[in-house]
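Okay, so here's the structure we're looking at.
The values are calculated or read from the model by the stated rules, or taken from the named source; none is laboratory data. All of these numbers come straight from a predicted model, not from anything done at the bench. Glycine gets a Cβ as well: all are built from the backbone with ideal geometry, and neighbour counts include every protein chain shown.
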Ligand SMILES: [Zn+2]
């Protein structure tokens, strides 16, 4: 016996989310059936406006609700240092390190031979547009994976041509790991032990 069409439609929607298989999708659909109508409407409303409300910061590429993010807009931060990361998730991870007060730049990915992604597919041009006399150091904090290391290498070569002090965090982070899984202390050590590239 098949599920009613409306039930199936919701199951199919849930299945599009990462890590949600058929059984989990059905369980979620049953849960929605048991929820208060008010909560379901709130959920639907938040979901339907989510993509319109969340933008990428025009300066650094981090997620925000306006044109530019709170970090770029904060005059109390150190505007002479930029930490380059792969994704907005990594900004939140680095922010756990209370000792870091600089700015960020989000690449939105890495160079990847398998996926056919090159430097041109990343948010790099806007990074170079930011490099004025005020910028003293760029810290490359891509993940310690093959793709992350390749991206760091390419980026450092371009930055060195511009005579910008470029450093790489890595110390203490296990090879193949992701920055957003690292704890605060590991990230702090990694940042403090950064090496010039
Ligand atoms: Zn920003």
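For the range 73-86, the set of residues classified as under 22 Å from residue 182 (Cα atoms) and either within 9 Å of the ligand (Cβ to nearest atom) or surrounded by 21 or more Cβ atoms within 10 Å (Cβ to Cβ) (or both) consists of 82, 83, 84, 85, 86, listed by residue number.
Can you go through 26, 42, 38 and tell me which one is away from the ligand (no atom under 12 Å from the Cβ), touching a residue at least 12 places away in the same chain (Cβ under 8 Å) and over 27 Å from residue 96 (Cα atoms)? On inspection, the qualifying residue turns out to be 26. Selection of the range 51-62 for residues being within 9 Å of the ligand (Cβ to nearest atom) and in contact with a strand residue (DSSP E or B) (Cβ under 7 Å, 6 or more places away or on another chain) yields 56, 57, 60, 61, 62. Entry remark, the range 67-100: residues being over 23 Å from residue 132 (Cα atoms) and touching a strand residue (DSSP E or B) at 6+ places or on another chain (Cβ under 7 Å) number 3 in total. The lone criterion from (1) in a helix (DSSP H, G or I); (2) exposed (fewer than 13 other Cβ atoms within 10 Å of the Cβ); (3) within 16 Å of the ligand (Cβ to nearest atom) left unmet by residue 48 is number (3). Would the range 172-185 turn up any residue that is modelled with pLDDT of 85 or more, out of contact with any strand residue (DSSP E or B) (no Cβ under 6 Å at 6 or more places or on another chain) and within 22 Å of residue 64 (Cα to Cα)? No, there is no match, as no residue in the range 172-185 is modelled with pLDDT of 85 or more, out of contact with any strand residue (DSSP E or B) (no Cβ under 6 Å at 6 or more places or on another chain) and within 22 Å of residue 64 (Cα to Cα). For the range 125-158, filtering for residues that are surrounded by fewer than 14 Cβ atoms within 10 Å (Cβ to Cβ) and either touching a residue at least 12 places away in the same chain (Cβ under 8 Å) or in contact with a strand residue (DSSP E or B) (Cβ under 6 Å, 6 or more places away or on another chain) (or both) leaves 3.
For residue 38, indicate whether it is surrounded by 10 or more Cβ atoms within 10 Å (Cβ to Cβ) and part of a helix (DSSP H, G or I). Criteria not met by residue 38.
Based on this model, can you work out whether residue 70 counts as without any contact (Cβ under 8 Å) to a residue 40 or more places away in the chain and within 12 Å of the ligand (Cβ to nearest atom)?
yes
Residue under question is residue 118, and the condition is that it be modelled with pLDDT under 95 and crowded, with 16+ Cβ neighbours inside 10 Å; does it hold? In short, no.
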